[in-house]
Amino acid sequence: MQDLFPDIDEWGPEKVVVVSDAKTGMKGVLVIDNSARGMGKGGTRMSPTLTVGEVARLARVMTWKWATNDLFFGGAKAGILGDPAGPNKEAVLRAFARKLSNEVPREYVFGLDMGLTENDAAIIQDELGDRGAAVGVPAVLGGIPYDELGVTGHGVAEAAMTILDIHDLETAQASFAIQGLGAVGAATAKRLAEEGATIVAVSTSKGALLDPGGLDIPALLALRATYGDACVEHYGIPTSPLGAELTTNADVLIPAATQDVVDVDLVSAIKARFIVEGANLPISTDALDLLHSRDVPVVPDFIANSGGTIAASYSMDARYSPFRPDLAAVFRTTSEKISANVRTVAEKSSAERLTPHRAARALAQDRVRQAMLLRAGRGHDLR
């Protein structure tokens, strides 16, 4: 892993733990960004291109995500350098969990991110012998499998519908392009289609599907269940090059795949009137500024995709409970918090002439700073 020393500022990171295991070849990292409002909580991803800097950036997103939703956990993120489809994934996961047993679950609780599934969370929980070690475990183990349930995508769709409503537009009259058909993108597409929206473009790693008349989302999701990313190749129309979904004609663009997909050079080709960030960090800072100057509202990632975070907060409460969690409450709270946050940020952005990201960050930073001031005697730096 490169980039071993992420940038340090007044907010963090507080702790970076880099671990390895010679027997399995495991290389991993945990970044606890800021714990002023509570213990570190964030997802764990597995990627063959993972860097410490990437995990640190994502940990910072979690700091703002928890604070924006006014939930009392701190920003953190973990990652493993490796192939999530590799044959020794379980051994790598177990080694990673063991190496972080000093931090888990006292300072950090494992969650799900790119490359990990509910079954992987169960493996981590089993390795550490503690129901408190991970959230997102299968329901049969008492968890809230938020990826399987599509809670994050449910929230992204809520964010999209709210930004349209703010501008007096109906979801059923709008068109959408979604980059990525993983857990988040698929659940987003499913809910939007159920609300009457027209999905004119989707993509997976195998290419993009474009249809101005609207794609048959139930049929496509059924193909996804059988073929995975190759579902686009079995849909029955020619695929377009990956990236075409970003610049197609659509009212709302939802990048829900990975970070750093929209830069300044791409902005001029984007035709969408609104952008909702389903993925973490999909748009560069300079591109966000340019989109703002062109009056293209962007719903920030740590607002739009916080459904998994909200579900994780319920999971944290349920870790040692003998009762099954209230899933209806999870979805209801996700919709309420995200819709309220989208409206608050839109108002602040307009009133103070800030980009939505800066407006949202200002709200989060105020809450974190207040906590840091109250805990200044406990090692929280206020440079």
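Each value in this text was obtained by applying a stated rule to the coordinates, not by laboratory testing. Treat the numbers as computed from the prediction; the structure is a model and nothing was measured. So basically every Cβ, Gly included, is an ideal-geometry build from the backbone, and we count neighbours across all protein chains shown.
So the values come out like this:
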{"item": "Kyte-Doolittle at least 0.0, axis length at least 18 Å by Cα - qualifying DSSP helices, the chain", "result": "52-68, 151-166"}
{"item": "Stretch gain in nm, segment Arg369-Ser20, where the contour uses 0.36 nm per residue and the Cα spacing is subtracted", "result": "122.2 nm"}
{"item": "Virtual spin-label span in nm between Asp211 and Ala362, 7 Å along Cα→Cβ", "result": "4.4"}
{"item": "Karplus-derived 3J(HN,Hα), 6.51/-1.76/1.60, for each residue of the range 256-262, Hz, glycine and proline x", "result": "10, 10, 8, 7, 6, 9, 10"}
{"item": "Unit charges at the beta carbon, dipole of the range 130-171: most positive-side option, Ala134, Ile163, Gly150", "result": "Ala134"}
{"item": "Size of electric dipole in the range 115-241: Cβ of Lys, Arg +1 and of Asp, Glu -1, about Cα centre, debye, nearest 20", "result": "220"}
{"item": "Nearby aspartates and glutamates by direct alpha-carbon distance to Lys23 (threshold 18 angstrom, same-chain neighbours under 8 apart not counted)", "result": "Asp83, Glu90, Glu127"}
{"item": "Distance in nm between pseudo-label sites at Asp70 and Ile166 (7 Å out along the Cβ direction from Cα)", "result": "1.8"}
{"item": "Loop-located trypsin sites (Lys or Arg not before Pro) in the range 92-150 whose Cβ has at most 14 other Cβ within 10 Å (DSSP)", "result": "Arg106"}
{"item": "Candidates Leu215, Leu192, Leu373, ranked by Gaussian network fluctuation over the chain, Cα under 10 Å, top entry", "result": "Leu373"}
{"item": "Of all DSSP beta bridges in the chain, antiparallel share, percent nearest 5", "result": "45"}
{"item": "Shape call, the range 151-304: gyration tensor on alpha carbons, a/c limit 1.5", "result": "prolate"}
{"item": "Rounded, prolate or oblate (a/c below 1.5 giving rounded, otherwise prolate when a/b exceeds b/c) for the range 246-383 by Cα gyration tensor", "result": "oblate"}
{"item": "Alpha carbon centroid spacing (whole Å) that separates the range 278-314 from the range 11-83", "result": "19"}
{"item": "DSSP-defined beta bridges in the range 151-304 - what % are antiparallel, rounded to 5", "result": "25"}
{"item": "Matching label, Rg and Dmax of the Cα atoms in Å computed from the structure shown, candidates [x] 21.0, 66; [y] 39.9, 131; [z] 19.9, 63", "result": "[z]"}
{"item": "The chain, dipole about Cα centre (Lys/Arg Cβ +1, Asp/Glu Cβ -1), debye to the nearest 20", "result": "1040"}
{"item": "Chymotrypsin sites (Phe, Trp or Tyr not before Pro) within the range 271-332, DSSP loop, no more than 12 other Cβ atoms inside 10 Å", "result": "Tyr320, Phe323"}
{"item": "Mean-position separation - Cα centroids, the range 338-368 and the range 89-132, in angstrom", "result": "34"}
